1. Suppose the filter is charged (D, E, K, R), out of contact with any Gly (no Cβ under 8 Å at 6 or more places or on another chain), open to solvent by 30 Å² or more (accessible area, probe 1.4 Å) and under 20 Å from HIS102 (Cα atoms); does ASP204 pass it?
2. When you go through (1) over 16 Å from ARG109 (Cβ atoms); (2) outside any helix (DSSP H, G or I); (3) not basic (Lys, Arg) one by one for LEU232, which number turns out not to apply?
3. Looking at segment 168-194, I want the residues that are under 22 Å from TRP10 (Cβ atoms) and have a partner that is open to solvent by 10 Å² or more (accessible area, probe 1.4 Å) and polar (S, T, N, Q) with Cβ atoms under 9 Å, at least 6 apart or on another chain. Which pairs are those?
4. Taking segment 235-255 on its own, how many of its residues are in a loop (DSSP other than H, G, I, E, B) and farther than 16 Å from PHE124 by Cβ?
5. Is one or more of the residues making up segment 119-126 touching a residue at least 12 places away in the same chain (Cβ under 8 Å), surrounded by fewer than 19 Cβ atoms within 10 Å (Cβ to Cβ) and more than 13 Å from the chain's Cα centre (by Cα)?
6. On the given criteria, is VAL229 of a type in the set (A, V, I, L, M, F, W, C), over 29 Å from PHE57 (Cβ atoms) and under 18 Å from the mean Cα position of the chain (by Cα)?
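The values are calculated or read from the model by the stated rules, or taken from the named source; none is laboratory data. Since the model is a prediction, treat every value here as computed from it, not as a measurement. For neighbour counting, all protein chains shown are included, and Cβ atoms are generated from backbone atoms with ideal geometry for every residue, glycine included. SASA here: full protein model, heavy atoms, side chains in, ligands and nucleic acids out. Shrake-Rupley method; radii C 1.70, N 1.55, O 1.52, S 1.80 Å.
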Amino acid sequence: MPHLPDAVLWSIPAFLLLTALELVSYRLRPAEETGDAGYEAKDAATSIGMGAGSLVFDALWKIPIVAAYTALYELTPLRIPVLWWTLPLMLLVQDFFYYWSHRGHHVIRILWACHVVHHSSRKFNLTTALRQPWTTLTVWPFYLPMIAVGVHPAAVAFCSSVNLVYQFWVHTERVRKLPRPFEYVLNTASHHRVHHASQGGYLDRNYGGILIVWDRMFGSFVPEGEKPVFGLTKNIDTYNPLRVATHEYAAIARDLRAARDWRERLGRVFRGPGWQPAPRQEAPATAAEAAPAHEHAA
């Protein structure tokens with residue numbers, strides 16, 4: 001078993017330092033366009049609380065996930081060693097599957113119920129990066145192909161943690177656009193602001209983790225133009241971490257109770273977050289009501 005560090009845990013001091021620096025920068029120089037201070041105390045506290053909670057819940061979810069990964073790893077005869085040259089390839093492949101996991105968590109409602117937590121803040125600062133879901137049990141299936149070809153589960157976990165650490169810095173308005181070569185290849189703060197925006201033209205775009213090239217390849221890239229408006233299309237008015245973590249699951253449950261048939265129930269769970277069933281046309285009560293008006297006159 002390769003001994004690889006948890007990049008997220010090792011990076012926590014850097015997260016705290018950079019967040020403090022960003023907060024000070026807003027105190028010294030508010031946003032030029034709006035005078036916005038960048039931070040709101042309750043919002044930031046909620047984001048930090050969600051991040052702390054995710055560490056606890058992720059530790060619990062690791063038990064069944066590690067069991068499933070280990071079982072598949074033992075079944076496959078393939079083995080890819082963790083070497084200086086294979087690890088970058090693993091990071092590249094993990095980033096590819098992260099793109100599809102991220103995209104799936106936007107277009108399938110039951111997966112969106114997990115990921116919506118990360119988009120629920122109307123602020124966009126480094127604490128937003130910490131606003132992580134508590135139900136990440138929906139993520140692990142996307143990385144099964146890596147295990148199937150012989151990547152050790154510990155190496156997959158390491159690559160995932162590196163990907164998450166990279167994305168911390170892109171949650172800010174303090175960094176404008178980088179030189180064009182970086183913007184073309186990497187996920188940057190500019191690209192990720194688009195991803196967190198709630199305007200129609202920005203919705204469901206720029207899913208990349210470390211690289212933005214996947215979005216360019218698969219038609220989901222949009223450059224930053226107009227100033228993004230952050231949050232959800234229907235924002236939630238709560239700072240309660242438990243409600244933030246579960247509000248979309250509760251909405252799904254309400255829709256399932258009100259559903260008229262199994263087709264609608266399946267749509268409410270597995271179609272897109274904004275999906276609505278086609279309106280049902282009421283059948284006429286009697287044959288006389290169904291007859292044309294001139295027949296009534298006769």
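1. Answer is yes for this residue.
2. (1)
3. Between residues of segment 168-194 that are under 22 Å from TRP10 (Cβ atoms) and residues that are open to solvent by 10 Å² or more (accessible area, probe 1.4 Å) and polar (S, T, N, Q), the close pairs are PHE168/SER11; ASN187/GLN167.
4. The number of residues fulfilling the criteria is 5.
5. Yes - at least one qualifying residue is present in segment 119-126.
6. On the way: of a type in the set (A, V, I, L, M, F, W, C): yes; over 29 Å from PHE57 (Cβ atoms): yes; under 18 Å from the mean Cα position of the chain (by Cα): yes.
Taking the combined requirement at face value, the residue satisfies it.
Residues checked against (1) more than 19 Å from SER161 (Cβ to Cβ); (2) in a helix (DSSP H, G or I):
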| site | (1), (2) |
| --- | --- |
| LEU4 | no, no |
| ALA20 | yes, yes |
| VAL24 | yes, yes |
| ASP43 | yes, yes |
| GLY53 | no, yes |
| ALA67 | yes, yes |
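Table: residues versus (1) open to solvent by 40 Å² or more (accessible area, probe 1.4 Å); (2) within 27 Å of HIS3 (Cβ to Cβ); (3) in contact with a Cys (Cβ under 8 Å, 6 or more places away or on another chain).
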{"site": "PRO133", "(1), (2), (3)": "no, no, yes"}
{"site": "THR138", "(1), (2), (3)": "no, no, yes"}
{"site": "PRO141", "(1), (2), (3)": "yes, yes, no"}
{"site": "PRO153", "(1), (2), (3)": "no, yes, no"}
{"site": "ASN163", "(1), (2), (3)": "no, yes, no"}
{"site": "PHE168", "(1), (2), (3)": "no, yes, no"}
{"site": "LYS177", "(1), (2), (3)": "yes, no, no"}
{"site": "ARG180", "(1), (2), (3)": "yes, no, no"}
{"site": "GLU183", "(1), (2), (3)": "no, no, no"}
